[in-house]
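The values are calculated or read from the model by the stated rules, or taken from the named source; none is laboratory data. This is a predicted model, so every value here is computed, not measured. Cβ: placed from backbone, ideal geometry, glycine included. Neighbour counts: every protein chain shown. The area values use the complete protein model at the heavy-atom level, side chains included, leaving out ligands, DNA and RNA. Shrake-Rupley method; radii C 1.70, N 1.55, O 1.52, S 1.80 Å.
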Amino acid sequence: MNLAPSSVAVVLGTRPELVKLAPLLHELGPAARLVHTGQHSDETLSGRFVDELRLPAPELLHGIGGRPRGTQIGRAVEQLDDLFAADRPAAVVVQGDTNATLAGALAANARSIPLLHVEAGLRSHDRAMPEEHNRLVVDQLADLLCAATPENRAALRAEGHAEERISLTGNTVVEVVRRSLPSAADRAALLDGYGLRPDAYVLATVHRPENTDDPDTLRELLSSLRSIAAGGTPVLLPLHPRTQAAVERFGLSRMLTGLLVVPPVGYGEFLALARHAALLVSDSGGVQEECTVLGRPLLVVRRSTERPESVDAGFAALAAPGAQLTAAARAWLADRQARLERLAGIPSPYGDGLASARIVRLLEGLAERPVHHDLQRVV
Ligand code: UDP
């Protein structure tokens, strides 16, 4: 590898970025310099993942977690600018669509440091989502756009991004799932610990503002999960801190009775539980990809998805919280054996598990021939 030690700054701030950048950080080895904005500062969403995924000790920014979006972005850009001024990286890598992603991109742009965007070209076309704005801006700024799927590449081409900036790499989620899934024996022991049987429970996660910020929607969602559980299929719900806070704020704690509610679980544990669930119910972006590697069906409780590949391949479907979700879950559970057998034969649309190796090769090329783009004065 021609990359000097600590020459690639990988900027991230949330659980899904830690997960999906782990294989790239491993591949980069000593060339990586990890910077964590602290957007997720809760131990259950952050520190535990640094340890479990064996990531290098991050440089930590401060005063960001739990702040309004503009404050998060502004403070992160300012602190990143100081870090990059003191020790200029050869390249900056960001992933996905978080406030940390946008801040990393703006800070790289402000110092004319070449920028690579992992998971470029995702589009929900829902302009009410801050993530959609983050993606759009980061893709404008990045020198190298790593599209995970042909659909992502097509979206970038349709927006007029120059062909030489776009590479089809696959999604790093494929390799992180393969490497992190516990052994069959460990999975069996874990399920025993929860009193769950394979193919006989639902695993649910909910944390998006569209589900947690409106009391009626959250009540509908929890009521759907309860009616699934009342129908005889246990529902395990690792409760995200934002959802927990919303449940308390809206006085909905009694809506959790009848569900197996636990704090968020570690990555290997989550994959093990997802691997044997009869059905996943989630508004998570990462889970929409992971279900395709694990061969499990997913009902996506969202208005829109930036990952239609999971739907088109037959793994996932959108369902509105309430009657639609309850009916879809009942129908999918009734048909579970045939569905699980069918999904086991469908390859993941997110690539072959070599995305991080391809991304490192792109970074090596970038270090040899820095890209001079014409957007250096955007900030
Ligand atoms: N996840 C986890 N433990 C949990 C719930 C989720 O490790 O209790 C993982 C999940 O496998 C996925 C990631 O967290 O890789 C998704 O994070 P999140 O839903 O917060 O973000 P999104 O993917 O929606 O951006």
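Restricting A204, A229 to residues that are touching a strand residue (DSSP E or B) at 6+ places or on another chain (Cβ under 6 Å), over 29 Å from G47 (Cβ atoms) and either small (G, A, S) or within 16 Å of the ligand (Cβ to nearest atom) (or both) narrows the list to A229. Consider R219 carefully, then state whether it is open to solvent by 60 Å² or more (accessible area, probe 1.4 Å), of a type in the set (K, R) and within 24 Å of A128 (Cα to Cα). So R219 fits the description; yes. On the stretch given as segment 24-40, residues that are closer than 9 Å to P56 by Cβ, within 16 Å of the ligand (Cβ to nearest atom) and either part of a loop (DSSP other than H, G, I, E, B) or not aliphatic (A, V, I, L, M) (or both) total 0. Against the definition (open to solvent by less than 20 Å² (accessible area, probe 1.4 Å), within 23 Å of the chain's Cα centre (by Cα) and at negative phi), how does L136 come out, yes or no? No: the conditions fail for L136. The single condition among (1) loosely packed, with under 14 Cβ neighbours inside 10 Å; (2) in contact (Cβ under 8 Å) with a residue 40 or more places away in the chain; (3) within 16 Å of the ligand (Cβ to nearest atom) that G193 does not satisfy is (2).
Given the criteria at pLDDT 95 or above, away from the ligand (no atom under 15 Å from the Cβ) and open to solvent by less than 20 Å² (accessible area, probe 1.4 Å), does V19 qualify? Before the answer, list the steps.
Values: at pLDDT 95 or above: yes; away from the ligand (no atom under 15 Å from the Cβ): no; open to solvent by less than 20 Å² (accessible area, probe 1.4 Å): yes.
No; evaluated as a whole, the condition is false for this residue.
Of everything in segment 82-102, what is more than 16 Å from the ligand (Cβ to nearest atom) and open to solvent by less than 10 Å² (accessible area, probe 1.4 Å)? Give them in sequence order. Before you say what the answer is, go through the steps one by one.
Filtering segment 82-102 for residues more than 16 Å from the ligand (Cβ to nearest atom) gives 82-93.
Matches in segment 82-102: F84, P89, A91, V92, V93.
Take segment 240-259 and flag every residue that is aliphatic (A, V, I, L, M) and surrounded by 20 or more Cβ atoms within 10 Å (Cβ to Cβ). Talk me through it step by step, then tell me what you get.
Residues of segment 240-259 aliphatic (A, V, I, L, M): 245-247, 252, 255-256, 259.
Listed by number, the residues that qualify are A246, V247.
When the test is whether a residue is more than 11 Å from the ligand (Cβ to nearest atom), open to solvent by 10 Å² or more (accessible area, probe 1.4 Å) and more than 15 Å from the chain's Cα centre (by Cα), V281 does not pass it.
Would you say A272 is surrounded by 20 or more Cβ atoms within 10 Å (Cβ to Cβ), within 16 Å of the ligand (Cβ to nearest atom) and over 26 Å from D97 (Cβ atoms)? Give the derivation first.
On the way: surrounded by 20 or more Cβ atoms within 10 Å (Cβ to Cβ): yes; within 16 Å of the ligand (Cβ to nearest atom): yes; over 26 Å from D97 (Cβ atoms): yes.
In short, yes.
Considering only segment 1-16, how many residues are within 13 Å of the ligand (Cβ to nearest atom) and either outside any helix (DSSP H, G or I) or open to solvent by less than 20 Å² (accessible area, probe 1.4 Å) (or both)? It would help to see each step written out before you state the result.
Looking only at segment 1-16, we keep the residues that are within 13 Å of the ligand (Cβ to nearest atom), and these are 12-16.
From what's left, either outside any helix (DSSP H, G or I) or open to solvent by less than 20 Å² (accessible area, probe 1.4 Å) (or both): 12-14.
Number of matching residues: 3.
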